[in-house]
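Some notes on the structure that comes next.
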């Protein structure tokens, strides 16, 4: 099994996915500023910053895959976005390159947030970010291209959609990404060919509006479907039946991010 470094391991994705990767037999190295809540006695926990070159290079030494999750997870000021999201991606790519590891970059749907949902169904649309946060994820993809072309690195840039234990909004009926499917995406990233492979981080939702083909090309086969949760979702939303939950239609992929004030924390 592989040795996998998770940066931002104390965040929601790292916390949910670490036990699944551990159960699959992988050895985990966890990096964050605070002790990750999902850490076990068998994990190699490193306290440090993802924008610290020395700490990242030490953490990436001897691993098979870097899963770079560390970043602000929503809109922030321009300086915060550049100093954390963009810089940490450069640091992570340098560390993976020096350590000879593959890397999975946590991009986001917000890298293409201004793409209408009904125009996103074939292949991978070009980056059309909806916020400074979305720009930082488009920048991560561009840095992935640079490092793949210059150094022959093996990179996956995953445009993560709506991550959670189950879909909690009507929109997530098409955009949900389950923890188990993200763990499958991590495992698929272990054996990718050289290049920067941009894929959707989404489950096999019946109502999804994006294309699974780019992910399948690297061996990512999601198994979960938001439709299995629609009864619980209807109850949570106070609706009479799942039929009252409407699909996304032509709304932009970025949803409310496309109208949120630039540089303002949230939404």
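Look at residue 231 and say whether it is over 20 Å from the mean Cα position of the chain (by Cα), in a loop (DSSP other than H, G, I, E, B) and over 21 Å from residue 113 (Cβ atoms). So residue 231 does not fit the description; no.
For the range 179-193, the criterion of being touching a helix residue (DSSP H, G or I) at 6+ places or on another chain (Cβ under 9 Å) and part of a loop (DSSP other than H, G, I, E, B) is met by none of the residues.
Is there any pair with a first residue in the range 172-198 that is farther than 28 Å from residue 256 by Cα and a second that is modelled with pLDDT of 95 or more and assigned to a helix (DSSP H, G or I) whose Cβ atoms are under 6 Å apart and which are 6 or more apart or on different chains, and what are they? The qualifying pairs are 195/148; 196/144; 196/145; 196/148. Residues in the range 199-228 that are touching a strand residue (DSSP E or B) at 6+ places or on another chain (Cβ under 8 Å) and more than 13 Å from residue 175 (Cα to Cα): 199, 214, 215, 217, 218, 220.
So which of 158, 142 is in a strand (DSSP E or B) and either under 17 Å from residue 205 (Cα atoms) or free of Cβ contacts under 8 Å to residues at least 40 places away in the same chain (or both)? First the steps, then the outcome.
Values: 142 fails: in a strand (DSSP E or B).
Checking each option against the conditions leaves just 158.
Taking every residue in the range 239-267 that is at negative phi and at pLDDT below 95 and pairing it with any residue that is assigned to a helix (DSSP H, G or I) and surrounded by fewer than 11 Cβ atoms within 10 Å (Cβ to Cβ), at least 6 positions away or on another chain, yields no pair with a Cβ-Cβ distance below 6 Å.
Among strands (runs of 3 or more DSSP E) lying entirely in the range 1-84, which contain 2 or more residues that are closer than 24 Å to residue 111 by Cβ? Even if it seems obvious, please write down each step before you answer.
Values: elements: 3-7, 27-32, 44-47, 65-68.
Strands (runs of 3 or more DSSP E) meeting the threshold: 3-7, 27-32, 65-68.
Checking the structure you have, find out if any residue of the range 95-103 is over 25 Å from residue 49 (Cβ atoms) and either in contact with a strand residue (DSSP E or B) (Cβ under 6 Å, 6 or more places away or on another chain) or in a loop (DSSP other than H, G, I, E, B) (or both).
No, every residue in the range 95-103 fails to be over 25 Å from residue 49 (Cβ atoms) and either in contact with a strand residue (DSSP E or B) (Cβ under 6 Å, 6 or more places away or on another chain) or in a loop (DSSP other than H, G, I, E, B) (or both).
Scan the range 78-101 for residues that are surrounded by fewer than 19 Cβ atoms within 10 Å (Cβ to Cβ) and touching a residue at least 60 places away in the same chain (Cβ under 8 Å) and the total you get is 1.
Identify, from the list 74, 107, the residue that is within 28 Å of residue 28 (Cα to Cα), surrounded by 21 or more Cβ atoms within 10 Å (Cβ to Cβ), under 17 Å from the mean Cα position of the chain (by Cα) and in contact (Cβ under 8 Å) with a residue 24 or more places away in the chain. Show your work before the answer.
Numbers: 74 fails: surrounded by 21 or more Cβ atoms within 10 Å (Cβ to Cβ).
None of the others qualify; the one that does is 107.
The values are calculated or read from the model by the stated rules, or taken from the named source; none is laboratory data. Only a predicted model underlies this, so the values are computations on that prediction, with no experimental measurement involved. For neighbour counting, all protein chains shown are included, and Cβ atoms are generated from backbone atoms with ideal geometry for every residue, glycine included.
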